Amino acid sequence: MGYPDRQFNFNTLFHIINRFNPELSLTKHQLAKIRTVLYKGVKKYNVKINYFVILKTHFHLSAYFAAENKITMSKFMQWLGTQMAKKINKLLNRSGTVFRRRFKSFIIKSRQYLETLLKYLKNNPQKHLGIKPENWPFSSYNFYFNASNDGITVHYATIFS
């Protein structure tokens, strides 16, 4: 039995989640390298990320795929997953599967959904690690709340303008 087809439309905002294999719990040094991979992917494919959070066991993206870029979510996530897996396996001096299963994605259909999602993502470090969001460097928190340009995040208001 295969996976069901993924819903995808250009000019749509998505919530994307991917979980690392349970035996992996990445260090801050390793997470910094993963953040660099995300940065490279955003630049390479011109994907608009309006919030990201990378944790030790999984990551979330709120991402927009514009039609003029001609890059689909699956193509971007294939590249991102491959690059992350290569980087993690190299850092851990291991080989094998890095992700638990394929990524999940959900269409963000309303402003209310987006606002609820952004609150949830902001608080993810507190929920999963007991670390205040402002003390977790692997998210968009400082972009929004401390006006710090991380090179990855694009303010959600600019996506819809």
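Nothing in this text is a laboratory measurement; each read-out follows from the coordinates by a stated rule. Every value quoted in this text rests on a predicted model; they were computed, and no experiment measured them. With ideal geometry, Cβ positions are generated from the backbone for all residues, glycine too; neighbour counts draw on all protein chains shown.
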(request) For the range 64-111, give the magnitude of the charge dipole about the Cα centre (Cβ charges: +1 Lys/Arg, -1 Asp/Glu; no others), in debye to the nearest 20. (result) 220
(request) Evaluate the charge dipole of the range 64-147 about its Cα centre and quote only its size in Debye, nearest 20, assuming +1 on the Cβ of each Lys and Arg and -1 on the Cβ of each Asp and Glu. (result) 420
(request) Mind checking which of I17, T57, S140 is farthest towards the positive end of the range 1-153's charge dipole, using Cβ charges of +1 (Lys, Arg) and -1 (Asp, Glu) about the Cα centre? (result) T57
(request) Compute from the Cα atoms of the range 90-160 the Rg and the Dmax, the latter being the longest Cα-Cα distance, and quote both in angstrom. (result) 15.2, 43
(request) Determine, for K87, K70, the number of other Cβ atoms within 10 Å of each Cβ, and report the residues in order from fewest to most. (result) K70, K87
(request) Please work out the Cα center distance from the range 82-154 to the range 41-58, rounded to the nearest Å. (result) 7
(message) If you split all Cα-Cα distances of the range 12-159 into 5 Å bins from zero, what percentages do you get per bin, shortest first?
(response) 2, 9, 20, 24, 22, 15, 6, 2, 0
(message) Report the number of Lys pairs in the range 1-66 whose alpha-carbons are under 19 Å apart, with separation of 8 or more residues or on distinct chains.
(response) 6
(message) Given Cβ point charges of +1 (Lys, Arg) and -1 (Asp, Glu) and nothing else, what value in debye, to the nearest 20, does the dipole of the chain about its Cα centre take?
(response) 460
